[in-house]
Amino acid sequence: MQVQEQSLTPAIGASAIRSENKTLKDVSDLEQLTTDTDPDPSMYSITIAEALDQNKPLLVTFSTPAYCQSATCGPQLGVVKDLKSSHSSDMNFLHIEVYDNPDEIQGDLTRGKISPTLTEWGLRTEPWTFVVDAEGLVQAKFEGFVGPEDLEPAIQAVLQ
């Protein structure tokens, strides 16, 4: 087994990647942005770069609720949406779908195209969740499912 010396993802304290991910402005339907069965449109309204330009903290989660390999993406997005309901006035919350064409997959993952945003962030697994401060620096990152008991303190730290 080989282990990488360094993570490919943005390091704690490093600048968040200023991705120009697809948003509602780029598509005709939310199904083109997410496999979430009950999506929150506000989580797809701006790019990561636009969120960073607002000088507010940001929580961004990368997951594919319908096609997650670990079966934790749907629950992860649910946790993030619950936290958003408490903190949306103080920070931005974004969901980036793993697949660039979720509406075309229709149960056949061989049709799936990985989102370029995942590649930019160095993500090879999912879900991933990042908490970024108002200066655009990554303050916390979580690979796999992370519950509110771990995300809430990370959020509080960037809201200070």
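The values are calculated or read from the model by the stated rules, or taken from the named source; none is laboratory data. Predicted model, so just to flag it, every value in this text is computed and none were measured. Every residue, glycine as well, gets a Cβ built from its backbone with ideal geometry; the counts of neighbours run over all protein chains shown.
Anything in the range 42-68 that is free of Cβ contacts under 8 Å to residues at least 40 places away in the same chain, under 14 Å from the mean Cα position of the chain (by Cα) and not in a loop (DSSP other than H, G, I, E, B)? List them, or say none. Within the range 42-68, just 49 meets the criteria.
For the range 106-122, how many residues are surrounded by fewer than 21 Cβ atoms within 10 Å (Cβ to Cβ), in a loop (DSSP other than H, G, I, E, B) and out of contact with any helix residue (DSSP H, G or I) (no Cβ under 7 Å at 6 or more places or on another chain)? Of the residues in that region, 5 qualify.
Yes/no matrix, rows are residues, columns are (1) touching a Gly at 6+ places or on another chain (Cβ under 7 Å); (2) among the acidic types (Asp, Glu); (3) modelled with pLDDT of 95 or more; (4) closer than 17 Å to residue 128 by Cβ:
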{"position": "4", "(1), (2), (3), (4)": "no, no, no, yes"}
{"position": "22", "(1), (2), (3), (4)": "no, no, yes, no"}
{"position": "40", "(1), (2), (3), (4)": "no, yes, yes, no"}
{"position": "51", "(1), (2), (3), (4)": "no, no, yes, yes"}
{"position": "55", "(1), (2), (3), (4)": "no, no, yes, no"}
{"position": "62", "(1), (2), (3), (4)": "no, no, yes, yes"}
{"position": "71", "(1), (2), (3), (4)": "no, no, no, yes"}
{"position": "85", "(1), (2), (3), (4)": "no, no, yes, no"}
{"position": "108", "(1), (2), (3), (4)": "no, yes, no, no"}
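Of all residue pairs spaced 6 or more apart or on separate chains, those with beta-carbon atoms under 6 Å, a first member in the range 106-117 that is touching a residue at least 60 places away in the same chain (Cβ under 8 Å) and a second member that is assigned to a loop (DSSP other than H, G, I, E, B) and not hydrophobic (A, V, I, L, M, F, W, C) are 115/100; 117/19; 117/21. If the condition is being touching a helix residue (DSSP H, G or I) at 6+ places or on another chain (Cβ under 8 Å), surrounded by 17 or more Cβ atoms within 10 Å (Cβ to Cβ) and at negative phi, then the range 135-154 contributes 139, 140, 142, 145, 146, 151.
Being in contact with an Asp or Glu (Cβ under 9 Å, 6 or more places away or on another chain), touching a residue at least 12 places away in the same chain (Cβ under 8 Å) and outside any loop (DSSP other than H, G, I, E, B) is the requirement here; does residue 130 meet it?
no
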